[in-house]
Amino acid sequence: MENASATSKEGTSDEREITAPLDVQSLQDAWDRIEARPPETHVYLTVGAKTDLGRVRENNEDKFDYLEPEQPAVLSTRGRFYAVADGMGGHAAGQIAAELALKSVIRKYYANTSDDLETALVAAIQYANALVRDTAATIPGRAGMGTTLTAAVVHEGDLIVAQVGDSRLYLIRDGAIRQVTQDHSWVAEQVRLGALDPAAAARSPFRNVITRSLGAEPEVEVDLYREALQPGDVVLLCTDGLSGLLDDPTIAAIAAEAPPSVACLELIDAANENGGRDNITVLLLRIDAIVPFASRPEPATAAAPPGPDPDPDPPAREPAPARRRSPLRWWR
């Protein structure tokens, strides 16, 4: 995300860094107090995610994160959480804002005991907004930092989406792609008003000016969407480093034809071939099956359901962490 005060910082990473540690035990304690019914359905899905510096920036201020609980009570009340964020602010403030937002939203969303998922999700985002804003106001060198946030919750057979900023969520079904979210940017608003056509908006020097972000105001307006998922669907979350360089048909063709982790790499390669002028982050979910929860195979007597698609090109600097022996599946 471009920002007038952005400056570079040495070092970048394809991995999520723990800026705001997630207290898994406190979440576990909260969930243990919830008396919840078992889920009605179980969604088998495959995950792929990748972030890349791009070819112009010297610091990666994009982040992604996700949490996949395995406890039936948690799945029935909260589901699985996936998100991308595009930070801004310079002096590494953008990546700090993005990481603070992601970790705090996950923590607050799962700790909330509201029966309504949208209510819990918005409350978590408002908390993250206040945290980013307070951090920017109190820590030297962090003034003006902020971040976009696009989050998706897979709850039984539904997809619940929350969005602030111009990071997008697409739904690809039967080869057709649809942008579920609306960009909170100056050019997107001008297009919706009829003052700019899409081609002019893509060339506008103001195309990276966003009208909503976490950290900018005491409260932030959150857009919410809900979609019914179907087997074969592909859900794609991305920052504008991808959507600003590839058109929708190209994104759909790549995302729908390869395993999620491979598709993430191919999408990033395509964006870099088109200039790579920003950081690029992609998170893909392929919906493999939706079955009644009671009829799912038991782990002790059947093969495990599909997990995250292995990265065919993992970073050489650091091996992937071992899976936690816990009802939680927390990937970082």
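The values are calculated or read from the model by the stated rules, or taken from the named source; none is laboratory data. Every value quoted in this text rests on a predicted model; they were computed, and no experiment measured them. FYI the Cβ positions are ideal-geometry reconstructions off the backbone, even for glycines, and counts take in every protein chain you see.
In region 18-72, what residues are of a type in the set (S, T, N, Q), touching a Pro at 6+ places or on another chain (Cβ under 9 Å) and modelled with pLDDT under 90?
Kept after step one, since they are of a type in the set (S, T, N, Q), are these residues of region 18-72: 19, 25-26, 28, 41, 46, 51, 59-60, 71.
When the remaining residues are screened for being touching a Pro at 6+ places or on another chain (Cβ under 9 Å), the result is 28, 41, 46, 71.
Residues satisfying the conditions are GLN28, GLN71.
Only one entry in ILE290, ILE268 is of a type in the set (A, V, I, L, M, F, W, C), out of contact with any helix residue (DSSP H, G or I) (no Cβ under 6 Å at 6 or more places or on another chain), on the phi < 0 side of the Ramachandran plot and not in a helix (DSSP H, G or I), namely ILE290. Among residues of region 174-188 being touching a residue at least 12 places away in the same chain (Cβ under 8 Å) and not in a loop (DSSP other than H, G, I, E, B), the one that is nearest to SER213 (Cα to Cα) is SER185. Tell me, please, whether a residue that is over 27 Å from GLN230 (Cβ atoms) and in contact with an Asp or Glu (Cβ under 9 Å, 6 or more places away or on another chain) can be found in region 135-145. Checked against the condition, which is being over 27 Å from GLN230 (Cβ atoms) and in contact with an Asp or Glu (Cβ under 9 Å, 6 or more places away or on another chain), region 135-145 yields no hits at all. Looking across region 71-124, the residues that are within 15 Å of ALA152 (Cβ to Cβ) and not hydrophobic (A, V, I, L, M, F, W, C) come down to ARG78, GLY79, ARG80, TYR82, TYR109, TYR110, GLU118. LEU224: surrounded by fewer than 20 Cβ atoms within 10 Å (Cβ to Cβ) and assigned to a strand (DSSP E or B), yes or no? Spelling it out, LEU224 is indeed surrounded by fewer than 20 Cβ atoms within 10 Å (Cβ to Cβ) and assigned to a strand (DSSP E or B).
Checked against (1) under 27 Å from ASN59 (Cα atoms); (2) assigned to a helix (DSSP H, G or I); (3) not aromatic (Phe, Trp, Tyr), PRO249 passes all but a single condition, namely (1).
I'd like to check something: does region 203-213 contain any residue that is more than 16 Å from the chain's Cα centre (by Cα), of a type in the set (Phe, Trp, Tyr) and buried (at least 17 other Cβ atoms within 10 Å of the Cβ)? No, there is no match, as no residue in region 203-213 is more than 16 Å from the chain's Cα centre (by Cα), of a type in the set (Phe, Trp, Tyr) and buried (at least 17 other Cβ atoms within 10 Å of the Cβ). So THR113 fits all but one of (1) farther than 25 Å from ASN59 by Cα; (2) at pLDDT 95 or above; (3) β-branched (Val, Ile, Thr); what number is the exception? Answer for THR113: the failing condition is (2). If a residue must be of a type in the set (Gly, Ala, Ser) and either closer than 20 Å to ASP240 by Cβ or outside any helix (DSSP H, G or I) (or both), how many such residues does region 72-125 contain? Result for region 72-125: 13.
If you check ASP240 against the conditions, is it touching an Asp or Glu at 6+ places or on another chain (Cβ under 7 Å), modelled with pLDDT of 95 or more, surrounded by 24 or more Cβ atoms within 10 Å (Cβ to Cβ) and farther than 30 Å from LEU117 by Cβ?
Considered against the rule, which asks whether it is touching an Asp or Glu at 6+ places or on another chain (Cβ under 7 Å), modelled with pLDDT of 95 or more, surrounded by 24 or more Cβ atoms within 10 Å (Cβ to Cβ) and farther than 30 Å from LEU117 by Cβ, ASP240 comes out as no.
To keep it simple, each residue is scored yes or no on (1) buried (at least 20 other Cβ atoms within 10 Å of the Cβ); (2) modelled with pLDDT of 95 or more; (3) outside any strand (DSSP E or B).
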| site | (1), (2), (3) |
| --- | --- |
| ALA130 | no, yes, yes |
| ARG133 | yes, yes, yes |
| THR150 | yes, yes, no |
| LEU159 | yes, yes, no |
| ASP166 | yes, yes, yes |
| ILE172 | yes, yes, no |
| GLN190 | no, no, yes |
| ALA195 | no, no, yes |
| ALA199 | no, no, yes |
